[in-house]
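Below is one structure, written out as structure tokens; the observations come after it.
The values are calculated or read from the model by the stated rules, or taken from the named source; none is laboratory data. Values in this document were obtained by computation on a predicted structure and should not be read as measured data. Note that we place each Cβ from the backbone using ideal geometry, even for glycine, and neighbour counts take in every protein chain shown. Keep in mind that these areas ignore ligands, DNA and RNA; they rest on the heavy atoms of the full protein, side chains included. Shrake-Rupley method; radii C 1.70, N 1.55, O 1.52, S 1.80 Å.
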Amino acid sequence: CQAAVPVTKPPVCRYGSSTAKTTIAVVGDSKVAQWVPAFQILAKKYDWQILTYTKSACAFATITTSLSGKPYTECRTWTDNVIKALTTTVKPDFVVTTNQNTSGIVGKTDGKLKLSKAAMLDALVSTWTTLENAGIKVISLADTPQTGMQVYSCVSEHEKDYFSKCTFDRAKGIRLSGLDEQKAAAKKAGVPFIDMTPFICPTVYKNACPPVIGKVMIYRQGSHITKTYIETMSDQLYGELRKAGVR
């Protein structure tokens, strides 16, 4: 279901009924794709149709980003193709989107790509505004905190004391993620913003993000959340989506 780096024609996967009362497109990179298991559960419970448009390391924004130090032109083309599909033939009720911490290319300096956070934020706003103007309601979903380590490997190595050895700093994890940028873009675009961090790094742990909650491993590769833990948050995600206007 997720487009690999060279792919520019968006593969689409559908969950739920094609005649469902509500259609939600889940769009972005692997940081939004990780939420699909929760959306699958909710699709069955609430008569939703879920469509996925995801691409590896590709932020859903009308600006060229970089990958391995080079312009990620395949991402930019993919984004244009997704926007065209969503605004012309698909017309979902909602688009839920997020991405990892990413900058947009605004030129070159001494042969090196010049990257800009401000340009990335503006591109997110522009992309979401295009969808909103086409009658599609956009919901910005916060990126998950950056772990700074392979948490599952740490837990494997420290089975008896994984909490003390494998937690990471909450504030730093959020700062290194795309959360602040997405929140700012949502405010500027006037779209709802959902932050699931309180369910991933509960404040009961103060400024620490734990590796395990309720005997469930939270993280898989990098800062991606495990399918199992994502599924445990489906009810909480539903509550946040309701606040954002999804019915």
Exercise. Rank these by accessible area, largest first, 1.4 Å probe: S126, S18.
Key: S18, S126
Practice problem: For N101, list long-range residues whose amide hydrogen, built 1.01 Å from N in the peptide plane, is under 5 Å from its own amide hydrogen. | Solution: G178
Quiz item: Which of the trypsin sites (Lys or Arg not before Pro) found in the stretch 1-83 are in a DSSP loop and have at most 12 neighbouring Cβ atoms, other than their own, within 10 Å?
Solution: K21
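GluC sites (Glu not before Pro), restricted to the stretch 84-166: which are DSSP loop and have at most 14 other Cβ atoms within 10 Å?
Working: sites: E132, E157, E159; in loops: E159.
In loop regions of the stretch 84-166 (DSSP not H, G, I, E or B), the sparsely surrounded GluC sites (Glu not before Pro) are E159.
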Self-check item: aspartates and glutamates with Cα under 17 Å of K31, excluding same-chain neighbours fewer than 8 positions away
Solution: D143, D180, E181, D195, E231
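Given the alpha-carbon gyration tensor of the stretch 1-98, what are the semi-axes of its equivalent ellipsoid in whole angstrom, ordered largest first, with each equal to the square root of 5 times an eigenvalue? List each step's numbers first, then the result.
Values: eigenvalues 125, 37, 18 Å².
Working from the Cα gyration tensor, I get semi-axes of 25, 14, 9 Å.
Dipole of the stretch 91-247, Cα-centred, from +1 at each Lys and Arg C-beta and -1 at each Asp and Glu C-beta, to the nearest 20 debye?
Numbers: 21 positive and 15 negative charges, 43 e Å.
The dipole of the stretch 91-247 has a size of about 200 debye.
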Quiz item: Can you list the residues, at least 5 places off or on another chain, whose amide H is less than 5 Å from the amide H of Q146, using H built in the peptide plane?
Solution: I174, L176, S177
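Report the net charge of residues surrounding M196, where surrounding means a beta-carbon distance below 11 angstrom and charges are Lys +1, Arg +1, Asp -1, Glu -1. Each step should come with its number before you reach the end.
Details: positive: none; negative: D143, D195, E240.
Around M196, the charge tally is -3.
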Self-check item: the stretch 180-196 - phi-based ³J(HN,Hα) in whole Hz, Karplus 6.51/-1.76/1.60, Gly and Pro as x
Solution: 4, 5, 5, 5, 5, 5, 4, 5, 5, 7, x, 10, x, 10, 10, 10, 8
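Ignoring everything except DSSP H segments at least 4 long, calculate the 222 nm mean residue ellipticity for the chain; use -39,500 (n - 2.57) per segment, divide by total residues, nearest 500.
Details: 11 runs with 94 residues, N = 247.
When only DSSP H runs of four or more count, the value is -10500 deg cm²/dmol.
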Quiz prompt | Positive-end extreme of charge dipole, the stretch 161-247 - chosen from T167, V246, T232 (charges on Cβ) | solution = V246
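Could you tell me the relative contact order of the stretch 1-104? Use alpha-carbon pairs under 8 Å, at least six residues apart, and round to a whole percent.
Contact order relative to length: 36 percent.
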Self-check item: Rounded accessible area of C13 (nearest 10 Å², 1.4 Å probe)
Solution: 30
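Under the definition of Cα pairs under 8 Å and six or more residues apart, what whole-number percent is the relative contact order of the chain?
Details: 487 pairs, mean separation 47.5, N = 247.
With pairs under 8 Å counted, the relative contact order is 19 percent.
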Quiz prompt | Net charge over other residues, Cβ less than 13 angstrom from the Cβ of A171 (K, R count +1; D, E count -1) | solution = +2
Quiz item: If you wrap the chain's Cα atoms in a convex hull and average its projection over all directions, what's the area in nm²?
Solution: 13.5
Exercise. Could you run the Karplus curve 6.51 cos²θ - 1.76 cosθ + 1.60 with θ = phi - 60° over the stretch 79-93 and give me ³J(HN,Hα) per residue in whole Hz, x for Gly and Pro?
Key: 4, 4, 5, 5, 4, 4, 5, 5, 8, 10, 9, 7, 6, x, 6
